[in-house]
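The values are calculated or read from the model by the stated rules, or taken from the named source; none is laboratory data. All values reported here derive from a predicted model rather than from experimental measurement. When we count neighbours, we look across all protein chains shown, and the Cβ atoms used for this are built from the backbone with ideal geometry, even at glycine.
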Ligand SMILES: Nc1nc2c(ncn2[C@@H]2O[C@H](COP(=O)(O)OP(=O)(O)OP(=O)(O)O)[C@@H](O)[C@H]2O)c(=O)[nH]1
Ligand SMILES: [Mg+2]
């Protein structure tokens, strides 16, 4: 119990003790006075006063107990402390989410991915992808890092056609590593695009990316680098072919790269290397062959793996489960959207038919007649909200009132009258217009409910009116209205015609 509570209790006890003593004294005097008249009366009065006193004390204690009672330590769910735990918790949630996907092919693909993440373990080899535009020197870098010519190096773009994986170990770093050489990105042609896609997949799955460039970042490189970083990937930017630049130019280039760097990439994460220096012509004739220099990269890698080695894999695992969750969420969202659209479509023509054959006085009841509570219930079920029919009725009514209040019922009738411009007989045209307007209002209301259920039964900051107005605006486009009216004429006019 907190100290102030003890103090409060002590003061309370002292005050109560004083009050009890005072009360006892007063009672005694009252008893003595009454006993002079009648001892029985004195006993009854004292008994009643004591009973009331005990009752009041009991009631006070009952009300005060929650306040005074020692609090138990909150046993709230502990947030996962390590990325590994967070990834496991996230993966469990994602697996449940994936189960809800109805499309079998999509579901199986995501289940497979989830299983592969489930069985990946942080003690496995750390994957480093060597990534970048064609001819930046990725393969030359891999060869030099491994100390043997494992991959083909060539001046032409597209020398590396498919990814290659090599086991690797850095002195004084216990972590087992694997280097993945990838085809170049930003190359022309369909084959180039396919190779880029394969390279991006490797990068997206890697624990660490060596993003190789051989000059200042081109727009295409910058965009991909930014995308990888904002995705949450850990990247080192490697400026290769340092031998091509005099020292001052190289410093200036590094400075420029560092100034364009995107947080959380730090200036330390940008290093210059020469994987396969080319011979340089000398002033007095002859050629100078420089030695490869990967020291800055080796040093940064060793530091990084010592500092972040343990968390790189777990961080990546977490990132991948989050991405999987996002993919599953998007699939479920479009699946729900399709189900909701089918429900709205069904109800809009149902209400169109009903309204076309029911004489409605004026426009006031049009929205109320158009919005069906059962549609609200069915839409809620699609989004797992389970609204009862009573709640559905109340929601339908308030949306109808808002539609009327915002002038959208009249707006709908005017909008459709303009589009319908029929040469039908007046009565028939009137019925067709009312039926079509009813269908349109059902559609606006249905789409507004979808937004409401998508946001966990909330109308958002702007309230119900803002959502409805937005849906009205979105559906007001010429092409939407034209298609809607065409369908309405096919469906509503025959029903209206049947009516005497
Ligand atoms: N001057 C210089 N040239 C280099 C260096 N590293 C690689 N090169 C040259 O750059 C060209 C491309 O090298 P690769 O290693 O095949 O490049 P890559 O990025 O793997 O290219 P792709 O496989 O086509 O994507 C070759 O002609 C290499 O000789 C370097 O450090 N300095
Ligand atoms: Mg290559």
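All but one of (1) in contact (Cβ under 8 Å) with a residue 60 or more places away in the chain; (2) part of a strand (DSSP E or B); (3) more than 24 Å from residue 317 (Cα to Cα) hold for residue 212; state the number of the condition that does not hold.
Condition (3) is where residue 212 drops out.
Within the range 67-83, is there a residue that is at pLDDT 85 or above and in a helix (DSSP H, G or I)?
As a first pass, look at the range 67-83 and keep what is at pLDDT 85 or above: none.
Checked the range 67-83: no residue is at pLDDT 85 or above and in a helix (DSSP H, G or I).
Looking at the range 412-433, is at least one residue over 27 Å from residue 486 (Cβ atoms), in the same structural domain as residue 492 (by TED's automatic domain parsing), modelled with pLDDT under 90 and not in a helix (DSSP H, G or I)? Let's see the steps before the verdict.
Our first condition is that a residue be over 27 Å from residue 486 (Cβ atoms); within the range 412-433, this holds for none.
Within the range 412-433 (the criterion being over 27 Å from residue 486 (Cβ atoms), in the same structural domain as residue 492 (by TED's automatic domain parsing), modelled with pLDDT under 90 and not in a helix (DSSP H, G or I)), the answer is no, since none of the residues qualifies.
Need a quick list: helices (runs of 4 or more DSSP H) entirely within the range 353-411 having at least 2 residues that are loosely packed, with under 14 Cβ neighbours inside 10 Å. Give the derivation first.
Details: elements: 366-370, 373-382, 389-405.
Once the helices (runs of 4 or more DSSP H) in the range 353-411 are filtered for at least 2 residues that are loosely packed, with under 14 Cβ neighbours inside 10 Å, what remains is 389-405.
Going by the structure shown, is residue 139 away from ligand 1 (no atom under 16 Å from the Cβ), buried (at least 17 other Cβ atoms within 10 Å of the Cβ) and under 30 Å from residue 219 (Cα atoms)? Can you show your working first?
Working: away from ligand 1 (no atom under 16 Å from the Cβ): no; buried (at least 17 other Cβ atoms within 10 Å of the Cβ): yes; under 30 Å from residue 219 (Cα atoms): yes.
Judged against the criteria, residue 139 is not a match.
With respect to residue 206, is the statement that it is within 16 Å of ligand 1 (Cβ to nearest atom), at pLDDT 90 or above and touching a strand residue (DSSP E or B) at 6+ places or on another chain (Cβ under 8 Å) true?
Values: within 16 Å of ligand 1 (Cβ to nearest atom): no; at pLDDT 90 or above: yes; touching a strand residue (DSSP E or B) at 6+ places or on another chain (Cβ under 8 Å): yes.
Considered against the rule, which asks whether it is within 16 Å of ligand 1 (Cβ to nearest atom), at pLDDT 90 or above and touching a strand residue (DSSP E or B) at 6+ places or on another chain (Cβ under 8 Å), residue 206 comes out as no.
Residues to consider are 217, 265, 239; find the one that is assigned by TED's automatic domain parsing to the domain that holds residue 140, in contact with a strand residue (DSSP E or B) (Cβ under 7 Å, 6 or more places away or on another chain) and modelled with pLDDT of 90 or more. Break it down stepwise before answering.
Working: 217 fails: in contact with a strand residue (DSSP E or B) (Cβ under 7 Å, 6 or more places away or on another chain); 265 fails: modelled with pLDDT of 90 or more.
Within the list 217, 265, 239, the selection yields 239.
Identify, please: which residue in the range 277-308 is under 37 Å from the mean Cα position of the chain (by Cα) and free of Cβ contacts under 8 Å to residues at least 40 places away in the same chain and is, among those, surrounded by the fewest Cβ atoms within 10 Å (Cβ to Cβ)?
307
Would you mind finding the one in 183, 171 that is out of contact with any strand residue (DSSP E or B) (no Cβ under 9 Å at 6 or more places or on another chain) and within 20 Å of residue 273 (Cβ to Cβ)? Steps first, answer last, please.
Details: 183 fails: within 20 Å of residue 273 (Cβ to Cβ).
Going through 183, 171 in turn, just one is out of contact with any strand residue (DSSP E or B) (no Cβ under 9 Å at 6 or more places or on another chain) and within 20 Å of residue 273 (Cβ to Cβ): 171.
What are the residue pairs meeting all of these: first residue in the range 130-143, first residue free of Cβ contacts under 8 Å to residues at least 40 places away in the same chain and under 12 Å from residue 214 (Cα atoms), second residue in a loop (DSSP other than H, G, I, E, B) and more than 7 Å from ligand 1 (Cβ to nearest atom), Cβ atoms under 8 Å, and 6 or more apart or on different chains?
Cβ pairs passing all conditions: none.
Among the listed residues 250, 301, 312, which satisfies the condition of being outside the structural domain of residue 203 (by TED's automatic domain parsing), touching a strand residue (DSSP E or B) at 6+ places or on another chain (Cβ under 9 Å) and at pLDDT 90 or above? It would help to see each step written out before you state the result.
Working: 250 fails: outside the structural domain of residue 203 (by TED's automatic domain parsing); 312 fails: at pLDDT 90 or above.
Residue meeting the stated conditions: 301.
Quick one: count up the residues across the range 152-168 that are more than 7 Å from ligand 1 (Cβ to nearest atom), assigned to a loop (DSSP other than H, G, I, E, B) and closer than 13 Å to residue 130 by Cα.
Total meeting the criteria: 2.
Can you pull out every residue in the range 169-183 that is assigned to a loop (DSSP other than H, G, I, E, B) and within 11 Å of ligand 2 (Cβ to nearest atom)?
Taking the range 169-183 as the starting set, the residues that turn out to be assigned to a loop (DSSP other than H, G, I, E, B) are 169-176, 182-183.
If the condition is that a residue be assigned to a loop (DSSP other than H, G, I, E, B) and within 11 Å of ligand 2 (Cβ to nearest atom), then 182, 183 are the ones that fit.
Is one or more of the residues making up the range 220-238 more than 16 Å from ligand 1 (Cβ to nearest atom), surrounded by fewer than 13 Cβ atoms within 10 Å (Cβ to Cβ), within 23 Å of residue 173 (Cβ to Cβ) and touching a residue at least 12 places away in the same chain (Cβ under 8 Å)?
Within the range 220-238 (the criterion being more than 16 Å from ligand 1 (Cβ to nearest atom), surrounded by fewer than 13 Cβ atoms within 10 Å (Cβ to Cβ), within 23 Å of residue 173 (Cβ to Cβ) and touching a residue at least 12 places away in the same chain (Cβ under 8 Å)), the answer is no, since none of the residues qualifies.
Can you spot a residue in the range 107-117 that is in a loop (DSSP other than H, G, I, E, B) and touching a residue at least 12 places away in the same chain (Cβ under 8 Å)? Give the steps one after another, and end with the answer.
Here is the first cut: in the range 107-117, the ones in a loop (DSSP other than H, G, I, E, B) are none.
Within the range 107-117 (the criterion being in a loop (DSSP other than H, G, I, E, B) and touching a residue at least 12 places away in the same chain (Cβ under 8 Å)), the answer is no, since none of the residues qualifies.
Out of 173, 180, I need the residue that is within 13 Å of ligand 1 (Cβ to nearest atom) and within 19 Å of residue 127 (Cα to Cα). Which one? Lay out the reasoning, then the answer.
Working: 173 fails: within 13 Å of ligand 1 (Cβ to nearest atom).
Exactly one residue qualifies, and that residue is 180.
Just one of 457, 471 is outside any helix (DSSP H, G or I) and in contact (Cβ under 8 Å) with a residue 24 or more places away in the chain; which is it? Show your work before the answer.
Details: 471 fails: outside any helix (DSSP H, G or I).
None of the other options fit; the residue is 457.
Suppose the filter is in contact with a helix residue (DSSP H, G or I) (Cβ under 9 Å, 6 or more places away or on another chain), over 23 Å from residue 231 (Cα atoms), part of a helix (DSSP H, G or I) and near ligand 1 (Cβ under 10 Å from one of its atoms); does residue 145 pass it?
Numbers: in contact with a helix residue (DSSP H, G or I) (Cβ under 9 Å, 6 or more places away or on another chain): yes; over 23 Å from residue 231 (Cα atoms): yes; part of a helix (DSSP H, G or I): yes; near ligand 1 (Cβ under 10 Å from one of its atoms): no.
The answer is no for residue 145.
Residues of the range 141-159 being more than 40 Å from the chain's Cα centre (by Cα), within 23 Å of residue 188 (Cβ to Cβ) and more than 8 Å from ligand 2 (Cβ to nearest atom), which ones? First the steps, then the outcome.
Keep residues of the range 141-159 that are more than 40 Å from the chain's Cα centre (by Cα), which gives 143-144, 146-156.
Next cut, within 23 Å of residue 188 (Cβ to Cβ) only: 151-156.
Hits for the range 141-159 are 155, 156.
Could you list, in sequence order, the residues of the range 184-204 that are under 32 Å from the mean Cα position of the chain (by Cα), surrounded by 17 or more Cβ atoms within 10 Å (Cβ to Cβ) and either more than 16 Å from residue 125 (Cβ to Cβ) or more than 16 Å from ligand 2 (Cβ to nearest atom) (or both)? I'd like the intermediate steps shown before the answer.
Of all residues in the range 184-204, those under 32 Å from the mean Cα position of the chain (by Cα) come to 184-186, 193-204.
Subset that is surrounded by 17 or more Cβ atoms within 10 Å (Cβ to Cβ): 184-186, 195-196, 199-200, 202-204.
Within the range 184-204, 184, 185, 186, 195, 196, 199, 200, 203, 204 qualify.
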